[in-house]
Amino acid sequence: MTTRTVHRCPVRPAVPLAVWPVAQTSAQYQRAGRYLPACSQHPAKMLPELARRIVTEYSTPGQVVVDPLAGIGTTLVEAALVDRRAIGIEVEPRWTAIARANLDHVLDDDHRDLAEIRVGDARALGNVLGDLAGKVDLIVTSPPYGCDVGNMDKTRWGTGGGLCPTRERNYSPDRANLGHARGAAYLAAMAEVYRACFEVLRPGGLLVTVTKNARRSGRLVDLAGTTVALAREAGFSYVQHVVALHAAVRDSTLVARPSFWQMTQVRRAHDRGDPAHLVVHEDVCVLAKERP
């Protein structure tokens with residue numbers, strides 16, 4: 001009788017899971033009367049309530065919060081309003097201008113002094129932050145999704161044109177923008193970003209990413225899993241996962257608020273025979289730079 005050695009993979013401890021209802025009111029209502037109307041030009045905005053919840057859960061007043069892919073500055077506004085020092089990095093001048101205008105518009109003088117937006121590339125985060133590198137307490141960001149994103153043009157679509165014009169897709173007409181990266185190029189670029197995040201965080205600091213699963217060629221893209229894998233390669237430990245609901249909770253029922261774009265994409269998938277469902281959540285992954 002022969003014996004066989006069985007090699008077992010080490011079992012990782014379970015990552016705590018939480019569910020946050022951050023869309024009891026719609027995204028439009030959360031921004032109405034606070035953020036500038038120009039925000040609607042950005043194709044992938046973070047919910048203000050989600051940004052605020054992340055900042056309050058994972059930092060304390062007076063700490064430094066950074067968003068290296070700041071977009072229109074939602075994280076910065078919400079962080080400054082709860083007395084964190086907030087710094088955003090954005091490579092696209094168009095979004096930088098809107099972010100700065102949002103800071104001026106939403107924040108009073110005392111809170112405005114806590115927030116700033118800088119032009120720069122997230123892959124060179126240490127250079128952009130200067131003497132703050134190594135002192136950051138919390139990084140909050142939503143990376144590009146590695147698939148086409150854009151604003152719909154209903155008028156154009158109604159007259160036979162494309163629902164989402166090519167020139168408006170992927171954050172920027174500049175092909176060098178991370179929003180245009182796909183496949184191996186996306187993985188390589190985001191690996192650089194997460195390595196840069198690791199370097200600028202203090203020991204014990206946290207990286208919190210917000211992603212949403214998408215479909216490409218009929219297949220689900222596990223962006224949260226990809227993000228965690230890249231962050232782990234950069235040195236991070238995966239410490240918590242949060243399901244951020246984009247549907248309202250009404251008694252025991254989820255009430256979705258799909259956009260016209262989302263409903264159109266789901267219907268098209270069904271017409272192709274793809275068993276797609278409406279996605280009503282985002283994945284919030286919490287990762288830590290462990291103390292030595």
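Derivation of every value follows stated rules applied to the coordinates shown; laboratory data play no part. Just so you know, these numbers come straight off a predicted model, no measurement behind them. Because the Cβ atoms are built from the backbone with ideal geometry, glycine has one as well, and the counts that use them run over all protein chains shown.
Numbers below:
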{"item": "Fully extended contour minus Cα-Cα distance, from D108 to D131, at 0.36 nm per residue", "result": "5.6 nm"}
{"item": "Residues of region 227-264 with amide N under 14 Å of the 7 Å Cα→Cβ point at A18", "result": "239-245"}
{"item": "In range of the label at T60: residues from region 79-109 whose backbone nitrogen is under 17 Å from the point 7 Å along Cα→Cβ", "result": "82-85"}
{"item": "Interchain or long-range residues, amide H under 5 Å from G88's placed H", "result": "D67, E116, I117, R118"}
{"item": "Region 16-141 - charge dipole about Cα centre, Lys and Arg +1 at Cβ, Asp and Glu -1, debye rounded to 20", "result": "320 debye"}
{"item": "Cα-only Debye scattering, region 186-292: base-10 log of I(q)/I(0) at q = 0.14, 0.18, 0.21, 0.23 Å⁻¹", "result": "-0.69, -0.93, -1.07, -1.16"}
{"item": "Pairwise Cα inverse-distance average, inverted: Kirkwood Rh of region 29-120 (Å)", "result": "12.7 Å"}
